[in-house]
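S.K.: Encoded as C-alpha cells, here's the structure I'll be asking about.
The values are calculated or read from the model by the stated rules, or taken from the named source; none is laboratory data. Please read these numbers as outputs of a predicted model, since none were measured by experiment. FYI the Cβ positions are ideal-geometry reconstructions off the backbone, even for glycines, and counts take in every protein chain you see. Side chains included, ligands, DNA and RNA excluded: accessible areas come from the protein's heavy atoms. Shrake-Rupley method; radii C 1.70, N 1.55, O 1.52, S 1.80 Å.
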Amino acid sequence: MRSQTLLAAGALAALAVSVPGCHHHDAQAQTPVFTLSSPDLASGTFSTTYILNGFGCAGQNISPALTWSNVPVGTRSLHIQVHDPDAPTGSGFWHWAVYDIPPTVMSLPRGAGNSASLLPAGAFGGNTDFMDTGTTGGNGNYGGPCPPAGDPPHHYNFTIYALSVDQVEVAGGIPRTGTAALFSFVINKGVGPALLGKATFTATYGR
C-alpha cells in the first residue's frame, strides 16, 4: 500500500513539473510572425505598372505598395531592400532600398518609392544599381524589373529588417550614399544583435 502511495505522489509531482513546460511551448508557438507582403504583387509576378521604363522595357516604373505586421518588440527602425539574385552580374542587382523607416509605420503606399517626398518622415531612399542611369527619376528611387529578354523569370526578393537602432547608417558608421550591398552587410552582420528580425517575400518577372 505504501509503495502505491509513493507511486501516485511521484506521478503528481511529474505532472506538476510538466505543465509549466507545456505552457512555455504554447507561448512560443503563439509568438506572432513578422511578415511582409504586397497587395500589388499578390499574384506573385509584376504587371506593367511596376516594370522599369528604360533599357528596353516599357513599364510605368511605379513602386508597389508594401505592408508588414508583427514588428519585433524593441524595434526602433525598419529597412527595406529589393534584390534580384538572378541578374547576370555575379552579385545580383539591387532595385530598391528604403532605410530608417520609423517603427510605427506599417506600410508604404503604391508610388512611395518614386520620390523622396513620398517616403515617411525620417526615412530615405538608398542607392541602387540604377544609380546615375536616369531611369528612376533620381538616385534613391525605385527601379522596376527589366531582366534580359529570353532569360528565365528572375526572382525579386523583397526583405524588411527590424533593428534596435534609430539610424542604421550611424550605427554602422557608413555614409547614407553607401551601396545597397554595403548597407546589406551592415544590417545583416555589422550591427550584430541589433538585428531583431526580418521578413521576405519573392515575386518573379521575365520577358
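S.K.: Any idea how many residues of region 165-182 are over 24 Å from V33 (Cα atoms) and either open to solvent by less than 40 Å² (accessible area, probe 1.4 Å) or assigned to a helix (DSSP H, G or I) (or both)?
M.R.: Residues in region 165-182 being over 24 Å from V33 (Cα atoms) and either open to solvent by less than 40 Å² (accessible area, probe 1.4 Å) or assigned to a helix (DSSP H, G or I) (or both): 9 in total.
S.K.: Any idea which residue in region 131-164 is farthest from Q60 (Cα to Cα), counting only those that are in contact with a Lys or Arg (Cβ under 6 Å, 6 or more places away or on another chain) and open to solvent by 30 Å² or more (accessible area, probe 1.4 Å)?
M.R.: Among those that are in contact with a Lys or Arg (Cβ under 6 Å, 6 or more places away or on another chain) and open to solvent by 30 Å² or more (accessible area, probe 1.4 Å), it is S164.
S.K.: Turning to a different aspect of this structure: Tell me, which residue of region 183-207 that is open to solvent by less than 40 Å² (accessible area, probe 1.4 Å) and part of a loop (DSSP other than H, G, I, E, B) is nearest to F93 (Cα to Cα)?
M.R.: Among those that are open to solvent by less than 40 Å² (accessible area, probe 1.4 Å) and part of a loop (DSSP other than H, G, I, E, B), it is G206.
S.K.: For A29, work out the one condition from (1) open to solvent by 30 Å² or more (accessible area, probe 1.4 Å); (2) aliphatic (A, V, I, L, M); (3) modelled with pLDDT of 95 or more it doesn't fulfil.
M.R.: The failed condition is (3).
S.K.: While we're here: Could you list, in sequence order, all residues of region 92-106 that are of a type outside the set (S, T, Y), open to solvent by 10 Å² or more (accessible area, probe 1.4 Å) and free of Cβ contacts under 8 Å to residues at least 40 places away in the same chain?
M.R.: Within region 92-106, F93, P102, V105, M106 qualify.
S.K.: Among the residues of region 78-91, are any in a loop (DSSP other than H, G, I, E, B), closer than 23 Å to L196 by Cα and open to solvent by less than 60 Å² (accessible area, probe 1.4 Å)? Talk me through it step by step, then tell me what you get.
M.R.: Looking only at region 78-91, we keep the residues that are in a loop (DSSP other than H, G, I, E, B), and these are 85-91.
Still in the list and also closer than 23 Å to L196 by Cα: none.
The answer is no; no qualifying residue exists.
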